[in-house]
1. Can you name every residue in segment 8-46 that is under 18 Å from the mean Cα position of the chain (by Cα) and among the small types (Gly, Ala, Ser)?
2. Let me spell it out: the conditions are (1) at pLDDT below 95; (2) open to solvent by less than 20 Å² (accessible area, probe 1.4 Å), and Lys62 meets all of them except one. Which number is the exception?
3. Residue under question is Ser61, and the condition is that it be part of a loop (DSSP other than H, G, I, E, B), touching a residue at least 12 places away in the same chain (Cβ under 8 Å), farther than 24 Å from Gly7 by Cβ and hydroxyl-bearing (Ser, Thr, Tyr); does it hold?
4. If you check every pair at least six apart or on different chains, which have Cβ atoms under 6 Å apart with a residue in segment 128-147 that is assigned by the TED database to the domain that holds Gly170 and open to solvent by 70 Å² or more (accessible area, probe 1.4 Å) first and a residue that is aromatic (Phe, Trp, Tyr) and part of a helix (DSSP H, G or I) second?
5. Suppose the filter is over 25 Å from Val164 (Cβ atoms) and in the same structural domain as Ser172 (by the TED database); does Pro103 pass it?
6. Would you pick out the residues in segment 151-180 that are open to solvent by less than 60 Å² (accessible area, probe 1.4 Å) and in a helix (DSSP H, G or I)?
7. Provide a single number: the residues in segment 132-183 that are closer than 19 Å to Ser205 by Cβ and acidic (Asp, Glu).
8. Is there a residue being modelled with pLDDT of 95 or more, open to solvent by 90 Å² or more (accessible area, probe 1.4 Å) and over 24 Å from the mean Cα position of the chain (by Cα) anywhere in segment 256-269?
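The values are calculated or read from the model by the stated rules, or taken from the named source; none is laboratory data. These figures come from a predicted structure and were not determined experimentally. Neighbour counts are summed over all protein chains in view; Cβ atoms, including those assigned to glycine, are modelled from backbone coordinates with ideal geometry. Quick note on the areas: whole protein, heavy atoms, side chains included, nothing else; ligands and nucleic acids left out. Shrake-Rupley method; radii C 1.70, N 1.55, O 1.52, S 1.80 Å.
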Amino acid sequence: MSFVEYGDTIKDGDTAIVFLGHESMFPVKVQHGSVTQTKYGVIRHSTDLIGKKYGSKVTCSKGGWVFILHPTPELWTMNLPHRTQILYSTDISIITMMLELKPGSIVCESGTGSGSLSHALIRTVAPTGHLYTVEFHQQRAEKAREEFREHGVEHLVTVTNQDVCKNGFGVSNIADAVFLDIPSPWEAIGHAKSALKAEGGRICSFSPCIEQVQRTCLAMEEYGFTEINTLEILLRVYNVRTVSLQIPDLGKAAEDNSSTGFDSSNPSHQDSPCANLQQGTVQFKSGVPLREVVGHTGYLTFATKSLV
């Protein structure tokens, strides 16, 4: 099993996603002899999971069923154990695009945190690219190495435990892009410039507070970065549903029905448009925004390393 290569069959040691519904899923490490408890009953790894195909419908001990899904960076973001605040797919997608990442790209990241963005970056630059990720906290760095190894991507990532503001990324003039998610990104701009290729590259800084953005932009200008701009991504989800509205009585529908011989008591006419007119309502599809929406997450500041 690998997060960057699809595997058809569930194997011992894999990380799989137990899908109970769109609002209910969780990761599980498949181990011979282990069991997993769900609200639908017990899943026995040896008989219910190992050897089955990903996407299989598995019946639990109480008669209910779940789907077993192959892990992806998107599913991992939704289900990973939170060691820190994480980035979600809305911000991750714009970061990947604005940093102009592709297979073969070299990326530097700090800090690693819970690995949400890291998994997406690895999938984007695979199979020939590489991610250099720096984490200040030793235990989080060790846990990230363990997860990358379990997820089959350890050959695509190097995890370093150090302070990026003091010691940098440990590489020079090789990165196509740099991403910063640290409390004081302005202190790491110089190291980011050193890590980027001599012919230029892109940088992104994520900060929740506008004061952090201001200081970061000043540091970027000081180190000669150009095309500096800041974005805030707000996702607005619409619920598509059927809406019924009354049709105003303009005195014409009844005349049209009588002239065409329309009989509303005839069962064959119940579903016709004329029936809706006779009953005074019409149905149509409408998009309605959800009452609760995700608000501010953070500001994304992008810039380009100048060639001069």
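1. Within segment 8-46, Ala16, Gly21, Ser24 qualify.
2. Tallying (1) at pLDDT below 95; (2) open to solvent by less than 20 Å² (accessible area, probe 1.4 Å), Lys62 fails exactly one: (2).
3. So Ser61 fits the description; yes.
4. Note: no pairs meet the criteria.
5. yes
6. Within segment 151-180, Leu156, Val164, Cys165 qualify.
7. 4
8. No: zero hits.
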